Amino acid sequence: MAKSPVKAGKVKKVKAKKDPNAPKKPSGSYIFFCNHHRAAIKSAHPTWGIGEIGKELGALWKKASDSDKKQFVAAAEKDKERYAKAIAAYKKK
């Protein structure tokens with residue numbers, strides 16, 4: 001198998017190592033929505049794979065009204081506050 005030629009002038013960037021002690025980033029409202037509804041979809045459709053479940057969750061999120069999303073948006077805001085406190089404490093170290 002032939003190797004593709006290396007383009008001149010390209011330098012491979014080295015990815016910075018992530019600190020394992022750093023606080024976990026905040027989750028968005030869609031993630032809270034998915035975590036809440038995933039089990040019900042899995043039990044209703046046990047043969048579905050990850051992709052099909054994801055498509056269904058996306059469709060449900062799109063159909064959901066703002067009032068339905070309200071609790072998940074509130075959970076995301078609370079998680080942002082948690083992250084802000086955790087990152088402030090982490091940076092003090």
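A few remarks follow.
Yes/no per residue for (1) at pLDDT below 95; (2) of a type in the set (Val, Ile, Thr); (3) in contact with an Asp or Glu (Cβ under 9 Å, 6 or more places away or on another chain):
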position: Asn35; (1), (2), (3): no, no, no
position: Trp48; (1), (2), (3): no, no, yes
position: Glu52; (1), (2), (3): no, no, no
position: Glu56; (1), (2), (3): no, no, no
position: Phe72; (1), (2), (3): no, no, no
position: Lys93; (1), (2), (3): yes, no, no
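- Boolean, Ile31 is touching a Phe, Trp or Tyr at 6+ places or on another chain (Cβ under 8 Å), modelled with pLDDT of 85 or more and among the aliphatic types (A, V, I, L, M): no
- In region 43-89, the residues that are over 18 Å from Ile31 (Cβ atoms) and either touching a Cys at 6+ places or on another chain (Cβ under 8 Å) or in a helix (DSSP H, G or I) (or both): Ser43, Ala44, Glu52, Ser67, Lys85, Ile87, Ala88, Ala89
- Residue match in region 10-31 (condition: in a helix (DSSP H, G or I) and either of a type in the set (A, V, I, L, M, F, W, C) or exposed (fewer than 13 other Cβ atoms within 10 Å of the Cβ) (or both)): yes
The values are calculated or read from the model by the stated rules, or taken from the named source; none is laboratory data. Here the structure is a predicted model, which is why all the values come from computation and not from measurement. Reconstructed Cβ throughout: ideal geometry from the backbone, glycine too, with neighbour counts over all protein chains shown.
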